[in-house]
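The values are calculated or read from the model by the stated rules, or taken from the named source; none is laboratory data. As the structure is a computational prediction, the values presented were derived from the model and not from experiment. Please note: Cβ atoms are built from the backbone with ideal geometry, for glycine as well, and neighbour counts cover all protein chains shown.
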Amino acid sequence: MSGPITTTKLRLGAISAPTPWEAYLLPVTQFPMPPGELEPARQFFQRLTRLAIEAWNLTPEFSIQVNCLHLGDGATRIQNNGRAWIPMIGLGIWPGRQAPTMWTDADFRELGIGEKPRELMYQLLRVTTTADAREQAQSTMFGLGTGLQILLPMANDEFISRARSFCLAGIQDPVFTCYPFYLPLLDIASLSNRSSSELDLWSCGLTVYLRESLEDKGVIVASRQSLVPLFEKLGGRAQAAPDPGWVFPG
């Protein structure tokens, strides 16, 4: 997969996802993103989001990944916008992985020198007010490695109910069953070499999934609708093998 974006162009590398799903990664050098990478990427994803919402009549959903708030000034940005966003705390769940459980003695006995125990959980802060507030939050938090944006063909409450039912089904430890909402967390490994039925189940009915992924060093965008018409409207040019993807003017 190609290297990070530059100030002259954006390149999204294709992720091998099952039809009809499409998935891409915009690599970045780091989170928080450097200024030369930040603005072109922010503008691109804002335009892509608006096109998808208009073309497919979608509803935006936005959450902040708490585990990444140590990067940059994310906590301060949330404090400055708390009244507009009214964030609610919930839990992110990784489909295909072990459900969250409390630490055990073994988690600490098996640590090497300087190693930390496994992540206990992946908390999220959901913007609960308006669609405009969600769009503003996405723009404000973009580039820190914290953003999780989902575009829905249904009402927000219906999606939250679906996602809660799916995510809770695999959790046995009662400590992790008391959150008001749950959302699926997806990375390249979640999207690659999977069946479409798995992704349909894991995605809980969403249409577009956009996540800043610290694990993958980039921004993931996945969609059950073909992104090709939207990419073309954004001036994109498709690239074939051996390094498939799309290139956009910066």
- Leading residue by the ranking (modelled with the highest pLDDT) among those in the range 42-90 that are farther than 24 Å from residue 246 by Cβ, assigned to a loop (DSSP other than H, G, I, E, B) and of a type in the set (A, V, I, L, M): 86
- Query: Which ones in the range 46-64 are crowded, with 17+ Cβ neighbours inside 10 Å, of a type outside the set (Phe, Trp, Tyr) and under 20 Å from residue 162 (Cα atoms)?
  - Reply: 58, 59, 60, 61, 63, 64
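Give the range 26-52 a look and list any residue that's among the aliphatic types (A, V, I, L, M) and touching a Ser or Thr at 6+ places or on another chain (Cβ under 8 Å), or say none.
52
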- Among the residues listed as 175, 228, the single one being within 28 Å of residue 47 (Cβ to Cβ), exposed (fewer than 14 other Cβ atoms within 10 Å of the Cβ) and not polar (S, T, N, Q): 228
- Query: Of (1) in contact (Cβ under 8 Å) with a residue 60 or more places away in the chain; (2) of a type outside the set (Ser, Thr, Tyr); (3) buried (at least 17 other Cβ atoms within 10 Å of the Cβ), residue 153 satisfies all except one. Which?
  - Reply: (3)
- Query: Somewhere in the range 187-199, is a residue among the hydroxyl-bearing types (Ser, Thr, Tyr), more than 20 Å from residue 56 (Cβ to Cβ) and touching a helix residue (DSSP H, G or I) at 6+ places or on another chain (Cβ under 9 Å)?
  - Reply: yes
- Task: May I ask you to list the residues in the range 161-188 that are touching a residue at least 24 places away in the same chain (Cβ under 8 Å) and within 18 Å of residue 209 (Cα to Cα)?
- Result: 162, 163, 166, 167, 181, 182, 183, 184, 185, 186, 187, 188
- Task: Select from the range 156-172 the residues that are closer than 13 Å to residue 100 by Cα, aliphatic (A, V, I, L, M) and surrounded by 13 or more Cβ atoms within 10 Å (Cβ to Cβ) and list them in ascending order.
- Result: 168, 171
- Message: Against the definition (in contact (Cβ under 8 Å) with a residue 24 or more places away in the chain, touching a Phe, Trp or Tyr at 6+ places or on another chain (Cβ under 7 Å) and of a type in the set (Lys, Arg)), how does residue 47 come out, yes or no?
- Response: no
- Scan of the range 14-32 for residues that are assigned to a loop (DSSP other than H, G, I, E, B) and touching a Gly at 6+ places or on another chain (Cβ under 9 Å), ordered by number: 28, 29, 30, 31, 32
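Every residue, every condition in (1) crowded, with 18+ Cβ neighbours inside 10 Å; (2) within 28 Å of residue 48 (Cα to Cα); (3) not small (Gly, Ala, Ser), yes or no:
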position: 78; (1), (2), (3): yes, yes, yes
position: 92; (1), (2), (3): yes, yes, no
position: 102; (1), (2), (3): no, no, yes
position: 120; (1), (2), (3): no, no, yes
- Can you pull out the strands (runs of 3 or more DSSP E) entirely within the range 134-250 that have at least 1 residues that are under 30 Å from residue 74 (Cα atoms) and at pLDDT below 95? 245-249
- Query: For the range 111-133, how many residues are in contact (Cβ under 8 Å) with a residue 40 or more places away in the chain, part of a loop (DSSP other than H, G, I, E, B) and among the hydrophobic types (A, V, I, L, M, F, W, C)?
  - Reply: 2
- Query: Condition test on residue 241, is it of a type in the set (Gly, Ala, Ser) and either touching a residue at least 40 places away in the same chain (Cβ under 8 Å) or closer than 24 Å to residue 48 by Cβ (or both)?
  - Reply: yes
- Can you pull out the residues in the range 117-135 that are farther than 25 Å from residue 174 by Cβ and out of contact with any strand residue (DSSP E or B) (no Cβ under 9 Å at 6 or more places or on another chain)? 129, 130, 132
